[in-house]
Amino acid sequence: MKLKRFLSIAIVAAWVIALGLPLAAGNNEEAKIKDYSLTDRKDIPVEFKWKVEDIFATIDDWKKEKNRIAGLLPQVDEKAKNWTSTPQNMVDFFDMLTELQISMGKLSVYASLQSDADLANPEFQQLKGEVQALYVQMGTKLSFLQPDILALGSEKFTQYVQQEPRLKPYEFPVQRILRTKDHVLPADQQKIVSYAGLFTSVTGKTAGILNDVDMPAPEVTLANGEKTILNQANYYRYRADKNPENRSIVMRTFWKNHKQFENTFAALFDGAMKQHLFNVKIRNYSDCLEASLFEENIDPAVYHKLIESVRANLEPLHRYIKIKQELLGLEKFKYEDIYASSVKSVDKVYSMAEAKDIITKMMTILGKEYSDPLREALDKGWIDWFPNKNKQTGAYSNGIYGVHPFIKMNYDGNYSELSTLAHELGHAMHSYFSNKTQHFANSDYSSFLAEIASTFNENILMDYLLKYEKDDMLKLYILDAYMQQVKGTIYRQTQFAEFELAMHRYVEQGNTLTPQWLNNKYLELARYYYGHDKGVCQVDDYIQNEWAGIPHFFLNYYVFNYSTGMIASSALSEMVLKGKNPEREKYLTFLKAGASKYTLDTLKTAGVDITTDKPYQSAFTFFNQLVSEMEKIVQRLKKQGKL
């Protein structure tokens, strides 16, 4: 939570919200990864857990710091008196807020990490609630801040910066505030709205707890007669099973179970969209999309260009699905087949040690400046590796100013998880370089930029593995796994982006989101993107409520960042792989830029203009080439009698 956050309209705790070669199938018995998904958190070996003690040694230390910060908050009222009257008063006030926000960020991240690792632990939920209350308290105290900056004006503030050099780090955040003059509330109204921070995260938090903890997991009987509890970890495992019958049983059972709760999920989604609309109405934006993109000065046309470009370039996805159908030997390709590896004869498991070795070696392309902290990330407790009982599903990287980033994984050793590890390490290194280089006020890079460094690493991983692999079967396996990432990051997230846009528009028109509307719209889009009516992929009705399991919809137009991020990273990774030291230094400069410029300006400086057709054309040409390469390998393997 950086300076731009406490200069922003509301202050709430953020969702704080990726080789030994040649590759060989080897002895996968040795590479198998132990299943900790039903193991209590306390019984997980320490070497597999993140070192939260790097933030606070104990919970008691956390509580002491929380109490210290709570005791300092009254200083905000004192220093707020005439805080814009002189340059010195202004910089002193900003410096005090910076110190408070850095400490509050540590409190917030510590509580989130502990809670996410054990969602059923009430003490950690309590910690999160306490730090959220601190943010709300801070928010109410700062209700005057934006109106005062607007009253000071751009000309006067420019004079202040010239008179007091210590204000320089705060110049761009203040200029961002001055740009919001048409959307800022008077101080008394802002104070009231700030109290909304007490409940704005409730809808997403409730949906997450329902998905990950409270919803009873059904028991399923697999094709071989084995019974298993279909928790989140087992769902992710078996939806990619080699046996199509198991894939169908698991997918259909999992979403049938969700359907029992669709009324609750619909109410939560409706509430979240209306929270976003509330912000639009009180701050004089035209719609929710404009409001979400305004802070980063992103034209809504960028969002629409993404959807239009992907819709016009579904051919690589549909060609890829046809290859999967052939390789899997399916008479008809169904939605429940999309996660299965196309290469049935390869059962590659990357051990934790192999994953570390691969990622360390592949990123040497960026030199020692990047490689040294990367090794530290892999070996020094930045990562929580495996699932455990009541651990939050999925993966993320959580940057924290003044410490180091933390990465949550639920690693199972398949290529998808190896790629996810590379992805999250991309986030972590972005945070590491941004925090190291920029003043706190300019260190919090935007969500639009966040998904570039992560998918950049996925591109480097694929290129690195293919470069050294000679065996066609394994090359096909790697290409298939990478195209799965393209499917999930470009196409699936754009489908989500279009669904989210439709949800917001429906609510903006005065409607209420119902299960029927959500189910119909989601099924309509899934069928369009996957070519249901063209006979590419059969999308049956059971998947209509998959929307209920997508937590990112609560983050207010976040998902499109994944798609635009991978489009941009395709251009950047091509630049680095084909270039030399100047191109690599340019990329490192991008990682270090933080929030020192507006998002699109930062990206243009790195060499990519996402407002033009060029990066889209380049990306889809590249994806088509990968599919063509898969087709060539398939033909070679057929001639050799290996398929």
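No value in this document is a laboratory result; all are computed from the given coordinates. As the structure is a prediction and not an experimental result, all values here were calculated from the model. Note: ideal-geometry Cβ built from the backbone for every residue, glycine included; neighbour counts use all protein chains shown.
Values as computed for the structure displayed
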{"read-out": "Under the Karplus curve 6.51 cos²θ - 1.76 cosθ + 1.60, θ = phi - 60°, whole-Hz ³J(HN,Hα) for the range 545-555, x wherever Gly or Pro sits", "value": "9, 4, 3, 5, x, 10, x, 5, 5, 7, 8"}
{"read-out": "Magnitude of the charge dipole, the chain, Cβ model with Lys/Arg +1 and Asp/Glu -1, debye to 20", "value": "600 debye"}
{"read-out": "Sites Gln617 and Asp61, calculated FRET efficiency, Cβ-Cβ separation with R0 56 Å, nearest 0.05", "value": "0.55"}
{"read-out": "Spin-label zone in the range 86-100 - amide nitrogen under 15 Å from a point set 7 Å from the Cα of Leu178 along the C-beta vector", "value": "87"}
{"read-out": "Rounded to the nearest 20 debye, dipole of the range 418-489 from Cβ charges on Lys, Arg, Asp, Glu", "value": "140 debye"}
{"read-out": "Cα lying deepest toward the dipole's positive end in the range 485-643, options Thr494, Met566, Ser628, charges on Cβ", "value": "Ser628"}
{"read-out": "Reachable lysines, given that their alpha-carbon falls under 22 Å from the alpha-carbon of Lys305 and they are not under 8 places away in the same chain", "value": "Lys487, Lys521, Lys604, Lys614"}
{"read-out": "Residues Tyr506, Tyr587, sorted so that the one with the fewest Cβ neighbours within 10 Å comes first", "value": "Tyr506, Tyr587"}
{"read-out": "Rounded FRET efficiency, nearest 0.05, which uses the C-beta distance separating Asp609 from Ala502 and R0 of 30 Å", "value": "0.60"}
{"read-out": "Helical contribution to [θ] at 222 nm, DSSP H n ≥ 4, -39,500 (n - 2.57), averaged over the chain, rounded to 500", "value": "-19000 deg cm²/dmol"}
{"read-out": "Dipole of the chain, positive direction: furthest Cα of Pro186, Phe172, Asn313, with charges on the beta-carbon", "value": "Asn313"}
{"read-out": "Charge dipole of the range 120-202 about the Cα centre (unit charges at C-beta), most positive-ward option of Thr158, Asn121, Ala133", "value": "Thr158"}
{"read-out": "Additional length obtainable on full extension of the chain from Lys436 to Asp54, 0.36 nm per residue less Cα span", "value": "135.8 nm"}
{"read-out": "Pairwise label distance in nanometres, Lys256 with Arg283, each label 7 Å out on the Cα-Cβ vector", "value": "4.4 nm"}
{"read-out": "Length added when fully stretched, Lys32-Glu308, from 0.36 nm per residue minus Cα-Cα", "value": "95.1 nm"}
{"read-out": "Neighbour-count order for Arg68, Arg166, fewest beta carbons within 10 angstrom listed first", "value": "Arg68, Arg166"}
{"read-out": "For the chain: rounded, prolate or oblate by the Cα gyration tensor [a/c cutoff 1.5]", "value": "prolate"}
{"read-out": "Inter-centroid distance (Cα atoms) of the range 384-447 relative to the range 538-597, Å", "value": "14 Å"}
{"read-out": "Within straight-line cross-link reach of Lys168, lysines at Cα separation under 17 Å, skipping those fewer than 8 residues along the same chain", "value": "Lys2, Lys4, Lys156, Lys597"}
{"read-out": "Cβ-derived FRET efficiency at R0 35 Å, Glu326 paired with Leu222, nearest 0.05", "value": "0.85"}
{"read-out": "C-alpha center-to-center spacing [the range 256-318, the range 201-218] in angstrom", "value": "21 Å"}
{"read-out": "Candidate aspartates and glutamates for bridging to Lys322, where Cα separation is under 15 Å - those fewer than 8 sequence places away on the same chain excluded", "value": "Glu331, Glu336, Asp337, Asp480, Asp533, Glu629, Glu631"}
{"read-out": "Fully extended contour minus Cα-Cα distance, from Arg636 to Ile192, at 0.36 nm per residue", "value": "153.1 nm"}
{"read-out": "Built amide H within the under 5 Å cut-off of Lys334, gap 5+", "value": "Gln538"}
{"read-out": "Taking the range 43-200 and dividing mean pair separation by its residue count, relative contact order in percent (alpha carbons under 8 Å, at least six apart)", "value": "25 percent"}
{"read-out": "Cut-off 19 Å, label 7 Å out along Cα→Cβ of Ala120, residues of the range 231-262 by amide N", "value": "231-236"}
{"read-out": "Residue pairs, from the table Lys79/Lys181; Lys408/Lys592; Lys106/Lys580, whose Cα atoms sit over 27 Å apart", "value": "Lys106/Lys580"}
